[in-house]
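See structure below.
The values are calculated or read from the model by the stated rules, or taken from the named source; none is laboratory data. All values reported here derive from a predicted model rather than from experimental measurement. Because the Cβ atoms are built from the backbone with ideal geometry, glycine has one as well, and the counts that use them run over all protein chains shown. Quick note on the areas: whole protein, heavy atoms, side chains included, nothing else; ligands and nucleic acids left out. Shrake-Rupley method; radii C 1.70, N 1.55, O 1.52, S 1.80 Å.
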Amino acid sequence: MSAKPLKQPVSVLVILHDGQGNVLLIERADRAGFWQSVTGSIEPGETLEQTALREVREETGIVLSDGQLNNWYECNEYEIYPHWRHRYPKGITRNTEHVFSAQINRNTPVEIDLREHTAWQWLPIDDAAERVFSPSNKTAILNLHKHLF
């Protein structure tokens, strides 16, 4: 089995919401209790939008339709947690995260990949913001109301 390719320090964060004040969160398999929105790194040749669509599909099984993804044209730069730096090229310590959202029907089936995530749940915005471990994820959830259409 070949080693996984190293991640690029450019990622997406996708806030999935139902338009009724609830956000879908998923729990990381490699860190119990670490809840988050959909996230993932860009792959060679992808646009940010393609990365966001792929990550939503891979992490939740949800295929977004044309026009459903909302690019906020906002990004966050942050220090990569030391326990995840081995996934990046040597010397890389910072990541740039681009923020998106998408409204989905709360009855949409969610199929997580148990190698990456162990659970999912819908939570009211304030509860979701308190549950996520990432400060940028928390801020994005709390700013969701600014990006609804």
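For Thr93 and Asn107, calculate 0.36 nm times their separation in residues minus their Cα-Cα distance, and state this gained length in nm to one decimal. Please report the intermediate quantities before stating the final value.
On the way: separation 14, 0.36 × 14 = 5.04 nm, distance 3.87 nm.
Contour length minus the Cα-Cα distance gives 1.2 nm.
Largest GNM mean-square fluctuation across Asp18, Asp30, Asp127, computed for the chain with C-alpha springs under 10 Å, falls on Asp30.
So if a site counts as exposed when it's one of the trypsin sites (Lys or Arg not before Pro), its DSSP state isn't H, G, I, E or B, and it has at most 10 other Cβ atoms within 10 Å, what's the longest stretch of the chain without one?
Counting only loop sites that pass the neighbour cut-off, the longest clear stretch is 1-89.
Averaging the Cα positions of each part gives two centres, and for region 67-94 and region 98-149 these lie 17 Å apart. Taking Lys and Arg as +1 and Asp and Glu as -1, the other residues whose beta-carbon sits under 12 Å from that of Ile80 total +1.
Here the 3J(HN,Hα) profile of region 127-132, calculated from phi with Karplus coefficients 6.51, -1.76 and 1.60 at θ = phi - 60°, is 5, 5, 4, 6, 7, 5 Hz, Gly and Pro shown as x.
Does region 16-149 come out rounded, prolate or oblate, given a ≥ b ≥ c as the square roots of the eigenvalues of its C-alpha gyration tensor, rounded meaning a/c under 1.5 and, failing that, prolate meaning a/b above b/c? Could you put the intermediate results ahead of the total?
On the way: a/c = 1.39, a/b = 1.29, b/c = 1.08.
Rounded.
Heavy atoms of the protein only, probe of 1.4 Å, neighbouring chains included. What is the accessible area of Thr96 in Å², nearest 10? Approximately 40 Å² of Thr96 is accessible to the 1.4 Å probe. A simple spin-label model places pseudo-atoms 7 Å from Cα toward Cβ; at Gln50 and Gln20 they are separated by 3.6 nm.
The mean accessible area for residues of region 22-137, using a 1.4 Å probe and ignoring ligands and nucleic acids, is 54 Å² per residue.
Surface composition of the chain: carbon and sulfur atoms hold 52% of the protein heavy-atom accessible area at a 1.4 Å probe.
Between Leu64, Leu53, Leu24, the GNM of the chain built on Cα springs shorter than 10 angstrom shows Leu64 fluctuating the most.
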